[in-house]
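Structure first, then comments.
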Amino acid sequence: MPPLNLENKKILIVEDDDLSFLYLNHILLLTKGIFIREKKGIDAIERFRSDPGFDLILMDIQLPDMDGKQVTREIRKLDGHIPIIAQTASRSTLERDQMLEAGCSDVLNKPFSMDELFAMIGRYIGQVS
């Protein structure tokens, strides 16, 4: 799958793990989007509150200060429409259901390929170039 054209699209990446972030960043650089990373849930909430204009959020579920479900619930209080894609290593149906119930738009299981990431983001924003 060719890279998405995310030029002028702003994505908040909530990811505390440096290797996971480097993998995401490496893939997403191909899209020409604008990416901002936060490592902690509380910082992600504050960034979202103070820095408007995000088009999508990539949300890790296991964060050091609060889990991604809590962060998603708080962001949903601020914006009920922004696409939030959860990233998790868990294959549990219960965990998936809990993430969707918390307000995530979709769930992407780690490890994921570039094509899987582009396809999921493409469902919510951007077009395949």
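When segment 77-92 is limited to residues that are in contact with a helix residue (DSSP H, G or I) (Cβ under 8 Å, 6 or more places away or on another chain) and at pLDDT 95 or above, the one that is surrounded by the fewest Cβ atoms within 10 Å (Cβ to Cβ) turns out to be Leu78. Going by the structure shown, is Phe48 crowded, with 17+ Cβ neighbours inside 10 Å, of a type in the set (Phe, Trp, Tyr), in a helix (DSSP H, G or I) and touching a helix residue (DSSP H, G or I) at 6+ places or on another chain (Cβ under 8 Å)? Yes, satisfied. Residues in segment 31-42 that are without any contact (Cβ under 8 Å) to a residue 60 or more places away in the chain and in a helix (DSSP H, G or I) were compared, and the one that is surrounded by the fewest Cβ atoms within 10 Å (Cβ to Cβ) is Ile42. Between Asp18, Asp55, which is farther than 19 Å from Val107 by Cα, surrounded by fewer than 21 Cβ atoms within 10 Å (Cβ to Cβ) and at pLDDT 95 or above? Criteria check complete, one pass: Asp18.
Screening Tyr23 on (1) touching a strand residue (DSSP E or B) at 6+ places or on another chain (Cβ under 9 Å); (2) surrounded by fewer than 19 Cβ atoms within 10 Å (Cβ to Cβ); (3) of a type in the set (Ser, Thr, Tyr) shows it passes everything except condition (1). The set of residues in segment 12-27 that are outside any loop (DSSP other than H, G, I, E, B) and either among the acidic types (Asp, Glu) or free of Cβ contacts under 8 Å to residues at least 60 places away in the same chain (or both) comprises Leu12, Ile13, Val14, Asp18, Leu19, Phe21, Leu22, Tyr23, Asn25, His26. Among the residues of segment 52-84, those that are assigned to a loop (DSSP other than H, G, I, E, B) and free of Cβ contacts under 8 Å to residues at least 24 places away in the same chain comprise Pro52, Gly80, His81.
So is Phe118 in contact with a helix residue (DSSP H, G or I) (Cβ under 9 Å, 6 or more places away or on another chain), under 18 Å from Pro3 (Cα atoms) and in a helix (DSSP H, G or I) or not? In short, yes. Note on segment 93-115: among residues that are of a type in the set (Asp, Glu) and modelled with pLDDT of 95 or more, the one that is nearest to Phe54 (Cα to Cα) is Asp106. Check whether at least one residue in segment 110-117 is without any contact (Cβ under 8 Å) to a residue 24 or more places away in the chain and surrounded by 14 or more Cβ atoms within 10 Å (Cβ to Cβ), and report yes or no. Looking for residues that are without any contact (Cβ under 8 Å) to a residue 24 or more places away in the chain and surrounded by 14 or more Cβ atoms within 10 Å (Cβ to Cβ), one finds none in segment 110-117, hence no.
Screening the candidates Ala102, Ala89 for the property of being under 23 Å from Leu19 (Cβ atoms) and not basic (Lys, Arg) yields one hit, Ala89.
The values are calculated or read from the model by the stated rules, or taken from the named source; none is laboratory data. Every value quoted in this text rests on a predicted model; they were computed, and no experiment measured them. A quick note on method: Cβ atoms are made from the backbone with ideal geometry, for glycine too, and the neighbour counts reach across all protein chains shown.
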